[in-house]
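Student: Below is the structure I would like to discuss, written out as structure tokens.
The values are calculated or read from the model by the stated rules, or taken from the named source; none is laboratory data. All figures in this text were calculated on a predicted structure; none of them were measured in a lab. FYI the Cβ positions are ideal-geometry reconstructions off the backbone, even for glycines, and counts take in every protein chain you see.
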Amino acid sequence: MDCANCGVCCTGWRVRLNALEQMTTAEQFKDGQFLKMVGNRCIFLDPQTMRCTNYDQRPDTCKRFTLGGDACRSRRREAGMETEQEAA
Ligand code: SF4
Ligand code: SF4
């Protein structure tokens, strides 16, 4: 399991910005306290690659979302994606 062609954690929910992020995020990328959405996906999600185009500057909320963690596996399961680690 990896993030390649996934992006389900960047789809279907709004990312809340902390106080500093609200001050430092450009207006075109935010909607009040949240990152802006394009349809049902985060404005920074590349719909072709399903990768974050702002990865190094992503909000704390995104940094706390752990690959392989409970929330990751739950979202992938809901999306009908594989949730187990590949055998080495
Ligand atoms: S849901 Fe998990 S595997 Fe998918 S992009 Fe997010 S962290 Fe990566
Ligand atoms: S900022 Fe990047 S990691 Fe966070 S939801 Fe948007 S696309 Fe995903």
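Student: Quick one: in the range 51-88, of everything that is of a type in the set (S, T, N, Q) and within 26 Å of Q22 (Cβ to Cβ), which residue is nearest to ligand 1 (Cβ to nearest atom)? Reasoning before the result, please.
Tutor: Pass one, the range 51-88, residues of a type in the set (S, T, N, Q): 53-54, 57, 61, 66, 74, 83, 85.
Cutting the leftovers down to within 26 Å of Q22 (Cβ to Cβ) gives us 53-54, 57, 61, 66.
Working: T53: 13, N54: 14, Q57: 17, T61: 12, T66: 7 Å.
Among those that are of a type in the set (S, T, N, Q) and within 26 Å of Q22 (Cβ to Cβ), it is T66.
Student: Also, quick follow-up: Among the residues of the range 8-59, how many are aliphatic (A, V, I, L, M), modelled with pLDDT of 95 or more and assigned to a helix (DSSP H, G or I)?
Tutor: Quick first cut of the range 8-59, residues aliphatic (A, V, I, L, M) only: 8, 15, 17, 19-20, 23, 26, 35, 37-38, 43, 45, 50.
Next, from what is left, pick out any that are modelled with pLDDT of 95 or more: 15, 17, 19-20, 23, 26, 35, 37-38, 43, 45.
Among the residues that remain, those that are also assigned to a helix (DSSP H, G or I) are: 19-20, 23.
Residues meeting the conditions: 3.
Student: Kindly indicate whether any position in the range 21-35 is surrounded by 15 or more Cβ atoms within 10 Å (Cβ to Cβ) and under 12 Å from the mean Cα position of the chain (by Cα).
Tutor: Checked against the condition, which is being surrounded by 15 or more Cβ atoms within 10 Å (Cβ to Cβ) and under 12 Å from the mean Cα position of the chain (by Cα), the range 21-35 yields at least one hit.
Student: Return the residues of the range 18-37 that are hydrophobic (A, V, I, L, M, F, W, C) and farther than 25 Å from A79 by Cα; say none if nothing qualifies.
Tutor: The first filter runs over the range 18-37 and keeps only residues hydrophobic (A, V, I, L, M, F, W, C), leaving 19-20, 23, 26, 29, 34-35, 37.
Within the range 18-37, A19, L20, M23, A26, F29 meet the criteria.
Student: Considering only residues that are crowded, with 17+ Cβ neighbours inside 10 Å and either within 12 Å of ligand 1 (Cβ to nearest atom) or under 19 Å from A79 (Cα atoms) (or both), which ones fall in the range 38-50?
Tutor: If the condition is that a residue be crowded, with 17+ Cβ neighbours inside 10 Å and either within 12 Å of ligand 1 (Cβ to nearest atom) or under 19 Å from A79 (Cα atoms) (or both), then R41, C42, L45 are the ones that fit.
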